[in-house]
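**Student:** Dumping the structure here so I can ask a few things about it.
Values in this text are rule-based calculations from the coordinates and carry no lab data. The shown structure was predicted, so the numbers you read here are calculated from the model rather than taken from an experiment. All Cβ positions, even for glycine, are placed from backbone atoms using ideal geometry, and neighbour counts span all protein chains on display.
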């Protein structure tokens, strides 16, 4: 909190402290800017903190579940940050912050799906580059969830929808393979998940190299051994690489579960199952709330005023107003 105070020197910064847990007496602080945060968000945060009745609070994930609208929701309803500049940006944006004594993370609420795709580095890069990166993250999110199910549905059930040149390439690459396309996809996704988990546990300097290089080597070995086709390796690799663009790790875990759900319905019912799974995921996201804020805002409900800010990084003149004197101003 000292680092936040150092960067945000204003009397509007309010800090409310709570003590929860009947046994370990954990300290939780709530921070907000009185001039930016909505009163209903602040009141809802106070109500939830006062309603916590637990014997002990030992971890940050426990606090996140207690403050969320749904404790068993699949997608994260509260974001987190580990840098003071990200915390200050969230306060200026009107969000409410929560800190747990002894935890290096700060929780942010409310959030929506698009806000979980923001990166702390976005504030240090040009707006046109950040805009491009935001669009890439949105496309990657859709790709990593739905691409495996779509490919299995098309290549196994609706093969007549594939153009003939691509179809001939797929058939030639699958000659002599002992497994179906569904088993191939499950095998390749499982291998990439194993390598990603190994990369997380290894030292940072080696982990990312192991996750990428290991996946390429094992994938090439699987093709040479006749366990997978090159097209399936391309699809699974694109799925895995797209998941690496996700900033929030809680969102990354949720995406893995949803991907398997979409793949399961697609392997059972083809394109019909794929579109049913797509609608189920969309309806589930539309039903979520974060401190009363719709999870798909500004798409559902649709709001033009917030659409540009969610999808693009606006220049400083448009987002904060003119910050330089215009020609002729300040002259005597």
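**Student:** Using helices alone, what [θ] at 222 nm do you get for the chain, with -39,500 (n - 2.57) per DSSP H run of 4 or more residues, divided over all residues and rounded to the nearest 500?
**Tutor:** -17500 deg cm²/dmol
**Student:** Would you mind checking the tilt of helix 271-287 against the longest principal axis of the Cα atoms of the chain, expressed as 0 to 90 degrees and rounded to 10?
**Tutor:** Tilt of helix 271-287: around 10 degrees.
**Student:** If I model segment 62-154 as equal point scatterers sitting on the Cα atoms and use the Debye formula, what is log10 I(q)/I(0) at q = 0.18, 0.23, 0.26 Å⁻¹?
**Tutor:** Here log10 of I(q) over I(0) equals -0.94, -1.21, -1.33.
**Student:** Right, here's the next one. Given R₀ = 51 Å, what would the calculated FRET efficiency be for residue 27 paired with residue 135, taking r from the Cβ atoms and rounding to 0.05?
**Tutor:** In this case the efficiency is close to 0.80.
**Student:** In whole angstrom, and with the biggest value first, how far do the Cα coordinates of the chain range along each principal axis?
**Tutor:** Principal axes ranked by extent give 75, 65, 41 Å for the Cα atoms.
**Student:** Further question on the same structure: Quick one: give the max-minus-min coordinate of the C-alpha atoms of segment 12-111 along each principal axis, largest first, in Å.
**Tutor:** Principal extents (largest minus smallest coordinate, Cα): 36, 29, 26 Å.
**Student:** Under the Kirkwood approximation applied to all pairs of distinct alpha-carbon atoms, what is the hydrodynamic radius of segment 123-293 in Å?
**Tutor:** 17.5
**Student:** If you don't mind, another one. I'd like the orientation of helix 230-243 relative to the chain: the angle between its Cα long axis and the longest Cα principal axis, in ° from 0 to 90, rounded to 10.
**Tutor:** 10
**Student:** Let me have the relative contact order for segment 62-199, percent, based on Cα pairs under 8 Å that are six or more residues apart.
**Tutor:** Normalised by residue count, the contact order of segment 62-199 is 14 percent.
**Student:** Hey, rough spin-label estimate for residue 217 and residue 142, points 7 angstrom out along Cα→Cβ, what's it come to in nanometres?
**Tutor:** Computed distance between label sites residue 217 and residue 142 equals 3.7 nm.
**Student:** Evaluate the distance, in nm, between pseudo-label points positioned 7 Å from the Cα of residue 158 and of residue 257 along their respective Cα→Cβ axes.
**Tutor:** 2.8
**Student:** Grab the beta carbon distance between residue 271 and residue 121, set R0 = 51 Å, and tell me the FRET efficiency rounded to 0.05.
**Tutor:** Efficiency at R0 = 51 Å is approximately 0.85.
**Student:** Let me ask something else. Work out, step by step, the length gained on full extension between residue 46 and residue 72: first 0.36 nm times the residue separation, then minus their alpha carbon distance; give nm to one decimal.
**Tutor:** Answer, rounded to one decimal: 7.2 nm.
**Student:** Something else: Using alpha carbons only, how many angstrom separate the centre of segment 229-262 from the centre of segment 5-54?
**Tutor:** Here the answer is 36 Å between Cα centres.
**Student:** For helix 204-224, report the angle its Cα long axis makes with the longest principal axis of the Cα atoms of the chain; keep it between 0 and 90° and round to the nearest 10°.
**Tutor:** 20
**Student:** Points 7 angstrom from Cα along the Cβ direction at residue 17 and residue 201: gap in nanometres?
**Tutor:** 4.0
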